[in-house]
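*Asks:* Handing you a structure now.
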Amino acid sequence: MIHINDNFTKLRASYLFSEIARKVEAFRESHPSSRIIRMGIGDVTRPLCPAAIEGLRKGVDHEADESTFHGYGPEQGYLFLREKIAATDYEARGIEITPDEIFISDGAKSDTGNIGDILAADCRIAVTDPVYPVYVDTNVMAGRAGELQPDGRWSRIIYLPCTAANDFVPALPAERPDVIYLCYPNNPTGTTLTRSQLKQWVDYARANGSIIFFDSAYEAYVSSPDIPRSIYEIEGAKEVAIEFRSFSKTAGFTGIRCGYTVIPRRLCGLSSSGQEVSLHSLWLRRQSTKFNGASYITQRAAEALYTAAGKEQTAETIRFYMTNASILRSGLASAGLRAWGGTDAPYIWLKTPDGLSSWEFFDLLLNRCNVVGTPGVGFGPSGEGYFRLTAFGRRDDTQEAVERIASLRF
Ligand code: MLT
């Protein structure tokens, strides 16, 4: 028999959200008359906006006609989309990113998970804790994480705890990581870093020869002026950061699948023989070998988000979810629960009451309120005693979930 990649056997048996889905399914089968409200996985509920639908239709029409048909697309994605991204998401905000530095993909999950392909096998990585599980699990798969310790930490990963005690602002690491994963606005805590806080990380990476993998999948939810939407708003970031973005949470593309990654031309790493190598070239080589691009139709839909109508409709959807977030925040506060996030992010992070563990609170909400959330400890050891709810639900469900939770009277 063949030998497998042993690193996979070190992982928890299933991915966090698959585990939750299994538990919820078991509950549903044993309580068929309960109406379950799902606020666990951050999946959106609003339909695609009319502009995106129009973009999809345009793509379909092109594919139906020999004269406009598209087969394999360009390796980095279609220029019509990369130009819109560069002009709107960067240039219009005073950031110089060229279309050639943008790689279109099927989403930030794939890119943040795959980017490790271009790293050395022994790179040390640092993650904020709690953290989006993809960053850790993919490094476990690659053999970079070391061994799982009894306290739930991996021996070679540098953890940057984010709890109420430090207001969810990670301290700079005591030992030097090669790679620092930052996700802001943060999943799962819904908290943010100000421009000056993020600058400390850019300065640290520059001073220490580290690279920052900056996941800004939730940037569209930022409304406070001192919160950056892109790491490239910080001077010098182009020498030390790769940025990942997604249309999933911005425009409801969780089912359509489209995102993009920015790798500035000047960003380099060192080969084992000490030569500087462009990370942009490595990623291009990786993507052109292992990936054939997001579909033409999908990219037409993403392009349509950059029309005036697309921008307005997208903004309207974000406002809708942020209203949910404020309903959750105020409902939880009046229920006596402490909560964070939900002002520049679609996630609410709450402290479990009465010393309950994250999973105990999960069971309590599922059994007594039929509401599904995500146990904080699923995102890392520092998430123990916390719990995540998403603002991506339907309005009536969000209101009802808050009422059901409040009825528990903590
Ligand atoms: C989450 O719930 O954390 C996200 O939906 C997961 C994802 O975006 O892949």
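The values are calculated or read from the model by the stated rules, or taken from the named source; none is laboratory data. This is a predicted model, so every value here is computed, not measured. Don't worry about glycine lacking a Cβ; one is built from the backbone with ideal geometry, like all the others, and counts go over all protein chains shown. Calculation scope for accessible area: heavy atoms of the full protein, side chains included, ligands and nucleic acids excluded. Shrake-Rupley method; radii C 1.70, N 1.55, O 1.52, S 1.80 Å.
*Asks:* Go ahead and estimate [θ] at 222 nm for the chain from helices alone: -39,500 (n - 2.57) per DSSP H run with n ≥ 4, summed, over the residue count, rounded to 500. All intermediate terms of the calculation are to be shown ahead of the outcome.
*Replies:* Working: 13 runs with 141 residues, N = 410.
Mean residue ellipticity at 222 nm (helix-derived): -10500 deg cm²/dmol.
*Asks:* Whole number please: convex hull volume per residue of the Cα set in the stretch 347-389, in Å³? Could the numbers behind the result be given before it?
*Replies:* Working: hull volume 2.5 nm³, N = 43.
Here the figure is 59 Å³ per residue.
*Asks:* Also, I was wondering about something else. Just the number, please: percent antiparallel of the DSSP beta bridges in the chain, rounded to the nearest 5.
*Replies:* Numbers: 22 of 41 bridges.
The antiparallel proportion sits near 55 percent.
*Asks:* Please list 3J(HN,Hα) in residue order for the stretch 323-336, calculated via the Karplus relation 6.51 cos²θ - 1.76 cosθ + 1.60 where θ = phi - 60°; whole Hz, with x for glycine and proline.
*Replies:* Residue by residue, the stretch 323-336 yields 5, 4, 4, 6, 4, 5, 4, 6, x, 5, 4, 6, 7, x Hz.
*Asks:* Another one. Just want the answer: with Cβ charges of +1 for Lys and Arg and -1 for Asp and Glu, which residue in Ile231, Gln200, Thr261 is farthest toward the dipole's positive end in the stretch 185-267?
*Replies:* Thr261
*Asks:* Let me ask another. Using a 1.4 Å probe on the protein heavy atoms only, what accessible surface does Asp122 show? Give it in Å² to the nearest 10.
*Replies:* That residue has around 110 Å² of solvent-accessible surface.
*Asks:* Taking 7 Å along the Cα-to-C-beta vector as the label spot, tell me the Phe69-Asp226 distance in nanometres, rounded to one decimal.
*Replies:* 5.8
*Asks:* Which aspartates and glutamates, on any chain, are close to Lys84 with Cα under 19 Å apart, when same-chain ones fewer than 8 places away are left out?
*Replies:* Output for Lys84: Glu54, Glu75, Glu96, Asp100, Glu101, Asp106, Glu219, Glu233, Glu243, Glu303, Glu312.
*Asks:* Quick one: net charge around Ser334, please, counting Lys, Arg +1 and Asp, Glu -1 for every other residue with C-beta under 13 Å from its C-beta. If you can, show how the numbers build up before the last one.
*Replies:* Details: positive: Arg329, Arg338, Arg409; negative: Glu403.
Neighbourhood net charge equals +2.
*Asks:* Follow-up. Mind checking the dipole of the stretch 1-104: about its Cα centre, +1 per Lys or Arg Cβ, -1 per Asp or Glu Cβ, Debye to the nearest 20? Kindly include the intermediate steps, with their values, before the conclusion.
*Replies:* Details: 13 positive and 17 negative charges, 193 e Å.
The dipole magnitude comes to about 920 debye.
*Asks:* Quick check: at a probe of 1.4 Å, how many percent of the accessible area of the chain sits on carbon and sulfur atoms?
*Replies:* Values: 9020 of 17740 Å².
Here it works out to 51 percent.
*Asks:* So, one more: Roughly what would the spin-label model give for Asn208 and Arg22, points 7 Å off Cα along C-beta, in nm?
*Replies:* 3.6
*Asks:* Next question, about the same structure. Ignoring ligands, DNA and RNA, what accessible area per residue does the chain give at 1.4 Å, in Å²? If you can, show how the numbers build up before the last one.
*Replies:* Details: 17740 Å² over 410 residues.
Per residue, the chain has an accessible area of 43 Å².
*Asks:* Taking R0 as 56 Å, what FRET efficiency do you get between Val277 and Ser407 from their Cβ-Cβ distance, rounded to the nearest 0.05?
*Replies:* The calculated FRET efficiency here is 0.45.
*Asks:* What is the spin-label model distance, in nm, from Val60 to Asp117 if the labels are put 7 Å beyond Cα along the C-beta direction?
*Replies:* 3.1
*Asks:* Turning to a different aspect of this structure: Could you give me the ³J(HN,Hα) list for the stretch 139-152, computed from phi with Karplus coefficients 6.51, -1.76, 1.60 and θ = phi - 60°, whole Hz, x at Gly and Pro?
*Replies:* Per-residue couplings from phi come out as 6, 5, 4, 7, x, 8, 8, x, 10, 6, 8, x, 7, x Hz.
*Asks:* Can you tell which of Arg176, Arg93, Arg300 shows the greatest fluctuation in a Gaussian network model of the chain with Cα springs below 10 Å?
*Replies:* Among Arg176, Arg93, Arg300, the largest GNM mean-square fluctuation belongs to Arg93.
*Asks:* On to the next question. In Å, the Kirkwood hydrodynamic radius of the stretch 152-203 over pairs of distinct alpha carbons? Intermediate results must be reported in sequence, preceding the final value.
*Replies:* Details: mean 1/r = 0.0827 Å⁻¹.
Here the Kirkwood hydrodynamic radius works out to 12.1 Å.
*Asks:* Hey, what did the stretch 75-198 get for relative contact order, percent, Cα under 8 Å, at least 6 apart? Each step should come with its number before you reach the end.
*Replies:* Values: 144 pairs, mean separation 25.7, N = 124.
21 percent.
*Asks:* Based on C-alpha coordinates, I'd like the Rg and Dmax of the chain, in Å.
*Replies:* In order Rg, Dmax, the Cα atoms of the chain give 21.3, 66 Å.
*Asks:* Between the stretch 122-156 and the stretch 260-335, what is the separation of their alpha carbon centroids in Å?
*Replies:* So the separation of the two Cα centres works out to 23 Å.
*Asks:* Another question, if that's okay. So what J values fall out for the stretch 386-394 if you push phi through Karplus, 6.51 cos²θ - 1.76 cosθ + 1.60 with θ = phi - 60°, rounded to Hz, Gly and Pro as x?
*Replies:* In residue order, the calculated couplings are 10, 8, 10, 10, 9, 9, 8, x, 6 Hz.
*Asks:* Moving on. How do 53-66, 365-378 rank on mean C-beta neighbours within 10 Å, highest first?
*Replies:* Values: 53-66: 14.5, 365-378: 21.6.
Ranking the peptides 53-66, 365-378 by packing returns 365-378, 53-66.
*Asks:* Net charge around Arg285, counting only other residues with Cβ within less than 11 Å of its Cβ (Lys, Arg = +1; Asp, Glu = -1)? Don't skip to the end; give the middle numbers.
*Replies:* Numbers: positive: Arg286, Lys290; negative: Glu75, Asp117.
That works out to 0.
*Asks:* Search the structure for amide H atoms under 5 Å from the amide H of Ser246, placed 1.01 Å from N in the peptide plane, and list their residues when 5 or more places away or on another chain.
*Replies:* Tyr260
*Asks:* Using +1 on the beta carbon of Lys and Arg, -1 on that of Asp and Glu, and nothing else charged, what's the dipole of the chain about the Cα centre, debye to 20? Kindly include the intermediate steps, with their values, before the conclusion.
*Replies:* Values: 44 positive and 49 negative charges, 142 e Å.
Dipole about the Cα centre, nearest 20: 680 debye.
*Asks:* Got the relative contact order for the chain handy, in percent, Cα pairs under 8 Å and 6 or more residues apart? Display every interim value, and only then the final one.
*Replies:* Values: 785 pairs, mean separation 93.7, N = 410.
This gives 23 percent for the chain.
*Asks:* Additional query: Given R₀ = 30 Å, what would the calculated FRET efficiency be for Arg176 paired with Leu11, taking r from the Cβ atoms and rounding to 0.05? Please list the in-between numbers first.
*Replies:* On the way: r = 26 Å, r/R0 = 0.87.
So the FRET efficiency works out to roughly 0.70.
*Asks:* Could you identify which residue out of Thr68, Thr314, Thr343 has the top mean-square fluctuation in a GNM of the chain using Cα springs shorter than 10 Å?
*Replies:* In this elastic network of the chain, the residue with the biggest mean-square fluctuation among Thr68, Thr314, Thr343 is Thr68.
*Asks:* Running a GNM on the chain with Cα contacts under 10 Å, which residue among Ile115, Ile104, Ile263 ends up with the highest mean-square fluctuation?
*Replies:* Its mean-square fluctuation being the largest, the pick is Ile115.
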